[in-house]
Every structure is written in C-alpha cells, then in structure tokens.
Amino acid sequence: MLLRQLFDYKSYTYSYLLADEKSREAVFIDPVAGQLDYYLQLLNELNLTLKLAVDTHVHADHITALGALREKTGATTYLGKPGDVACADQPLIDGQTLTFGDIKIQVIYTPGHTDDSHSFYIEEADSRYAFTGDTLLIRGSGRTDFQNGSAAQLYDSLHNKLLTLPEDTQVFPGHDYKGWSTSTIGEEKAHNPRLRIDNKDEFITFMNNLKLANPKFMDIAVPANLGCGQK
Ligand code: FE2
C-alpha cells in the first residue's frame, strides 16, 4: 500500500493519502482545504485515481477539502453524520468496510472527542494501520469539551475499541504538535499518560479539568465544515 503522511503546518493536521499500488485507486483521510492544489498535483504525479475522501470527524481547527476534492475528482465523500453535513455523500457506519482497489478499510465508531468521530483500520500484507483522528494522539488524546464531546465515551472508545487492536498496529493520528509522526498501539498502551489512567471516573475528572482555550479557527472552521469546506 502506498501511504503518504501530509502535514498542514497552520493547523498541525496530518492528512493521509493511501493508494492500492496495482489499481492506483486512492483515498484521502482528513484532507485540508488550503492544500488542495498540492493534493491534485500529487494525485497526478503518482498517477492515482481518487476514489474516496473521508473525514474522521467535523474538525474545529481547519477547513476540510472534502467538498473540493469531490468536485475536482468525482471521489465519494464519507462523514460521520451526513444528516448534519449536506454535501457528504455517505454516512460512516460502525463496522462497515470501504474499499479502494484490493484494500479494505474497516470503519470503527470512536466517539468522545466529538460524537461523530470514527477511526479507520487497515490490514494489508503483514502490516496493520489505524488512522485514529483526534481520538488517539501520540502520547495524548483529543479534547472532549466541545462538539458534543464526552470523556466517558472517549474512555470507552480508547479502552474497548482502539486498544483492543493488535499491539503492532501502526497509529497515525489526526494531529501532532511536537513533530511525532507515528506510533503503535503497544507503544501507546505502555507510554501514553492518558491511557495509563485506567479508572474511568479518574479519566473523566482529568479530562473535564484540562481548561484548554478554544482552537483559533473554531468559529470559522465548524460552520465551514458543515458545508464540506465550501460556501
Ligand atoms: Fe478534532
């Protein structure tokens, strides 16, 4: 599988371009609107056909390229709650399989950071990959204090879903603020301080006392993303 981790330095967002090398069918995960020209250039240079564009959740810190990619490439767009987002073609459903070429993406509903958060799991050849959005970050997790977030749900999504994946699964998060690019489920189990809180009530108290400032672009990004990044 071709895998490119792409970084948007304004919002510290990681986006991912994945492709099946035989069929050249590709998928974007969490693409950022400001990078559209670069994405189109990359698809062209690598001779890829974009089949799917998916967001792990409605983002509060950057504007999605989902709508623009659909318009430019004809890709099908998927989001957690298309009822709220008119231009998403399809809903994401827990347990469903999305395919590009011969590669299968398993959709896992992982609410907590937001109530529409999903993670994506792929097994291919001898490798396993989890694209965890803002549910599981490297040595951290997403916040739970807006967009219908819930510390209790995040605890369950982490402990009952993502941490049950094989330990050698490579973790690719939605953001990183320190320059860490990837990890594994086993490494996070051992060293992620938030995962070391294994009492649910303690975790909820910890998350509810973080007192973080709102993301810079939240007032712009959330309404824009409810229109798939387009006016
Ligand atoms: Fe987020």
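The values are calculated or read from the model by the stated rules, or taken from the named source; none is laboratory data. Remember, it's a predicted structure, so these values are computed and weren't measured experimentally. So basically every Cβ, Gly included, is an ideal-geometry build from the backbone, and we count neighbours across all protein chains shown. For accessibility, only protein heavy atoms count, side chains too; no ligands or nucleic acids. Shrake-Rupley method; radii C 1.70, N 1.55, O 1.52, S 1.80 Å.
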Span from the the range 165-186 Cα centroid across to the the range 1-70 one, whole angstrom: 18
Carbon and sulfur %, accessible surface of the range 47-137 computed with the full protein complex present, 1.4 Å: 42
Residue with peak Gaussian network fluctuation, the chain [Cα springs, cutoff 10 Å], from Arg196, Arg143, Arg70: Arg196
Partner aspartates and glutamates for Lys161 [C-alpha distance under 13 Å; skip if fewer than 8 residues away on the same chain]: Asp94
Residue (of Val107, Gly74, Ala60) at the positive-pole extreme of the chain, dipole from beta-carbon charges: Ala60
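Kindly report the accessible area of the range 1-146 per residue (heavy atoms of protein chains, probe 1.4 Å, no ligands, DNA or RNA), in Å². Walk me through the intermediate numbers first.
Values: 5530 Å² over 146 residues.
Result: 38 Å² of accessible area for each residue.
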Rounded FRET efficiency, nearest 0.05, which uses the C-beta distance separating Arg4 from Phe146 and R0 of 35 Å: 0.70
DSSP bridge orientation in the range 2-225 - percent antiparallel, rounded to nearest 5: 70
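Run the dipole for the range 2-225 about the Cα centre, Lys and Arg Cβ at +1, Asp and Glu Cβ at -1, nothing else charged, and hand back the magnitude in debye, nearest 20.
Working: 20 positive and 31 negative charges, 68 e Å.
Rounded to the nearest 20 debye, it is 320 debye.
What pairs in Lys178/Lys200; Lys104/Lys211; Lys10/Lys189 have C-alpha atoms more than 32 Å from each other?
Working: Lys178/Lys200 27 Å; Lys104/Lys211 39 Å; Lys10/Lys189 29 Å.
Over 32 Å apart, Cα to Cα: Lys104/Lys211.
Over every pair of different alpha-carbon atoms in the chain, take the mean of 1/r and invert it; report that Kirkwood radius in Å. Walk me through the numbers on the way to the answer.
Values: mean 1/r = 0.0569 Å⁻¹.
Every distinct Cα pair counted, the radius reaches 17.6 Å.
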Restricting the range 6-115 to chymotrypsin sites (Phe, Trp or Tyr not before Pro) in coil, as DSSP defines it, with at most 15 other Cβ within 10 Å: Tyr9, Tyr12
